[in-house]
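Peer 1: Okay, handing you the structure first.
The values are calculated or read from the model by the stated rules, or taken from the named source; none is laboratory data. Every value quoted in this text rests on a predicted model; they were computed, and no experiment measured them. FYI the Cβ positions are ideal-geometry reconstructions off the backbone, even for glycines, and counts take in every protein chain you see.
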Amino acid sequence: MAIITTERILKVLTSYNPWWQTGTVNKELTPKYKRFAYHMAMDRLLKTDIRRTIVLTGVRRVGKTTIEYQMIDKLLQEGVPPQRILFVSLDHPILKLAGIDDILECYHQNICADHDVYYFFDEIQYAADWSQWLKVLYDTQPNTKMVATGSASPALVKGSSESGAGRWSLIQVPTLSFYEYCALLDLPKIDLPATLKPSDLFSMTQIERNQLVTKLSLVQNHFNRYLQLGGFPELALSKNDFLAEQIMREDVVDKVLKRDLPALYNIRNATELERIFLYLCSVSSELVAIDAITKELNGVSRPTVQNYIQYLASANLIYISNPVSIKGKKILKAIPKIYIADAAIRNAVLMDNDVLTNPVEMGKMVETTVYKHLKDYYNQRATSVGYYRGGSSNKEIDVVIELPQGQNVYVEVKYREQAPIPNTDAIIENCAQAKYAFIITKKAEDIGLHQTSDDQQLLRIPAFAFLYILGHAAQNGNCGNI
C-alpha cells in the first residue's frame, strides 16, 4: 500500500485550505494588527509592473505564517476566488514526502485547473529541490504569484542568489518591536505624528520633549514584560508567562538547535551547538573572542566554534556586530560582539528569575534589544550596524550605524539609575563625527539634550520611549530614515 496517495494529499490540503468551502480564513489565524513586514509583502505581491516571488524569513514563531494567512484573508476580501488560493505547509510529514510536484498536480486536478492562482508555501526549505521548483513555477506559470516562508536564512539566501536571481524578494521578519508588541496587546494607542522619528527630538523644545515622554509613559509599565518574552506574537499574548518561556525553549530554541540546523548543515553532535549557544546567551552584548569560547568549552575546536556561530546567525538566533572605524581612527581588535536575536530568547534559555532586579543583566537585555531594533530599522539602508572601540579612552560606542554620505548615528546604552556621561566616553570624544548621537537611559525623566564641552549635542532618551518611537517610524514607512 502506497504511503503517499492523491487522496491523502488532497485530505491534508483541504484541512489547510478551509476557505475552499467557507470562503473565509479563520479569524483566530488573522489578528487585526498587521506588522510592517505584512504591508511590505502585500505591496510587492500586488505590484503589476514588477513580478516577484515573496520570501519571508525569520526565526521560528516570529509570525511568518500569520502574515501569510493575513495576506490570504486580504486576497479573499478583494474578491479573489477561494479555490485560486493554495496554502501548503511543507513541514507536514505527508506533504514533505509527497513533494511539490505531486502536491500541485493534486491541487490542479481536483480544485483549480487554471494557473492564474496564488501559491503560499510555508517552511519552503523542507521541500526537496525547492529553489529549483520556485524557479520553474515562476518561469512556466507567468500568471501565478507565490509567497513562501522559511526559518533557514542561508538556504533562502543561497537559493535567491542562484535560482531566485531577479525572481525573488527576500523580506526579513524580525521579532516584534516594542511598538508592535504594544499594538498587538491592544494597549492604548498613543497619538504621535506619522512622520515622527527619534532624531526629531533634537529640534524640539525641552517642554515638547517632556510632553512626548509623558504621553509615552502609558506603555512604560509594559517594557519589562516585553524584555522578558515580548518578541514573539503568540507568546506575548499568552496569559501564562512561565508556560510561554517553556514553549520558547522547546519550540523556538530546541527545534532549531536539535533539528533544523543539524539537518541543514549535517551536524552530528548537536550538544556542542547547544553549549555554544548557551555560552553566547550568557555573554550577549559583550565582545566574544573565538579563543575564549574554545577555552571555556573545553573540547570544542576553534573551527567548530567559528562554523556554529555562523550557523546560529543564519538561523536568526543571533546577531553579529562587527567593529567599525571612525573617520580613519583604527579599531584596536577585530573582535565581534554577539547579540541574541531577542532578549526573550536569552531569558528563556538562562532561566534566571532575578534578571529584572539585577542591574547588570538588565543592562545586557536592554542593549540587546536596542541593537535588535536598530539593526532591523536600518537593515535596508545602512552600510553596517556595528560598534566602535578605541581612541584615547579605549572605551566603546555600543552601536555605530554607518549610512551613505557619512550621516552616521551613534548610540550608547546607559540603562541605570544614574547615567552620567564622562568627557572620556567614546561617544563624547567622537560625537562630532556623527549626524546624531543618542544616550539610551532608564528613567522617564532622563530626557533632554546633553551639551559637550566643544558644543556638540547628544540626546538623552529613556529606552522605552526611544524604542517605541523607532517602531512607530518603521510602521509608518520610515525605515532607514534618520
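Peer 1: Has segment 250-273 got any residue that is surrounded by 14 or more Cβ atoms within 10 Å (Cβ to Cβ), part of a helix (DSSP H, G or I), modelled with pLDDT of 90 or more and outside the structural domain of Y33 (by TED's automatic domain parsing)?
Peer 2: Yes: segment 250-273 contains one or more residues that are surrounded by 14 or more Cβ atoms within 10 Å (Cβ to Cβ), part of a helix (DSSP H, G or I), modelled with pLDDT of 90 or more and outside the structural domain of Y33 (by TED's automatic domain parsing).
Peer 1: Identify all residues within segment 15-53 that are of a type in the set (D, E, K, R), assigned to a loop (DSSP other than H, G, I, E, B) and surrounded by fewer than 14 Cβ atoms within 10 Å (Cβ to Cβ); write none if there are none.
Peer 2: Listed by number, the residues that qualify are K32, K47, D49.
Peer 1: Inspect all residues belonging to segment 30-50 and state whether any of them is within 27 Å of C106 (Cα to Cα), assigned by TED's automatic domain parsing to the domain that holds G99 and charged (D, E, K, R).
Peer 2: no
Peer 1: Which of (1) surrounded by fewer than 15 Cβ atoms within 10 Å (Cβ to Cβ); (2) in a strand (DSSP E or B); (3) not hydroxyl-bearing (S, T, Y) does N353 not meet, given it meets every other one?
Peer 2: (2)
Peer 1: For segment 264-277, does any single residue satisfy the condition of being of a type in the set (A, V, I, L, M, F, W, C), closer than 26 Å to A37 by Cα and touching an Asp or Glu at 6+ places or on another chain (Cβ under 9 Å)?
Peer 2: no
Peer 1: Something else: From the list Q407, Q433, which residue is touching a Lys or Arg at 6+ places or on another chain (Cβ under 7 Å) and exposed (fewer than 15 other Cβ atoms within 10 Å of the Cβ)? If you could, list the steps in order and put the result at the bottom.
Peer 2: On the way: Q433 fails: exposed (fewer than 15 other Cβ atoms within 10 Å of the Cβ).
From the options Q407, Q433, the qualifying one is Q407.
Peer 1: Output the number of the condition that E250 fails; it satisfies all remaining conditions of (1) within 30 Å of T30 (Cβ to Cβ); (2) touching a helix residue (DSSP H, G or I) at 6+ places or on another chain (Cβ under 9 Å).
Peer 2: All conditions are met except number (2).
Peer 1: Step by step: first the residues of segment 1-28, then only those that are of a type in the set (A, V, I, L, M, F, W, C) and free of Cβ contacts under 8 Å to residues at least 40 places away in the same chain, then the one that is farthest from E68 (Cα to Cα). Which residue is that?
Peer 2: Step by step, filter segment 1-28, then rank; the result is M1.
Peer 1: Okay, next question. Six or more apart or on different chains, Cβ under 6 Å: which pairs go from a residue in segment 87-101 that's assigned by TED's automatic domain parsing to the domain that holds K145 to one that's at pLDDT 90 or above and of a type in the set (G, A, S)? Could you list them?
Peer 2: If the second residue must be at pLDDT 90 or above and of a type in the set (G, A, S), no pairs are left.
Peer 1: Name the one entry in Q405, Q418, Q433 that is in contact (Cβ under 8 Å) with a residue 40 or more places away in the chain and either of a type outside the set (V, I, T) or farther than 20 Å from P359 by Cβ (or both).
Peer 2: Going through Q405, Q418, Q433 in turn, the sole match is Q433.
Peer 1: How many of the residues making up segment 430-482 are assigned to a helix (DSSP H, G or I) and of a type outside the set (G, A, S)?
Peer 2: Of the residues in that region, 10 qualify.
Peer 1: Can I ask one more? So, in segment 110-136, of the ones that are closer than 15 Å to V88 by Cα and assigned to a loop (DSSP other than H, G, I, E, B), which residue ends up nearest to the chain's Cα centre (by Cα)?
Peer 2: The selected residue is E123.
Peer 1: I need a count of the residues in segment 348-369 that are polar (S, T, N, Q) and either closer than 11 Å to S285 by Cα or within 17 Å of the chain's Cα centre (by Cα) (or both).
Peer 2: 2
Peer 1: What about L95, is it closer than 25 Å to Y311 by Cβ and buried (at least 16 other Cβ atoms within 10 Å of the Cβ)? Write out each step before concluding.
Peer 2: Numbers: closer than 25 Å to Y311 by Cβ: no; buried (at least 16 other Cβ atoms within 10 Å of the Cβ): yes.
Against the criterion (closer than 25 Å to Y311 by Cβ and buried (at least 16 other Cβ atoms within 10 Å of the Cβ)), L95 does not qualify.
Peer 1: Restricted to segment 210-231, and to residues that are part of a loop (DSSP other than H, G, I, E, B) and under 18 Å from the mean Cα position of the chain (by Cα), which residue is surrounded by the fewest Cβ atoms within 10 Å (Cβ to Cβ)?
Peer 2: Applying the filter and picking the extreme gives G230.
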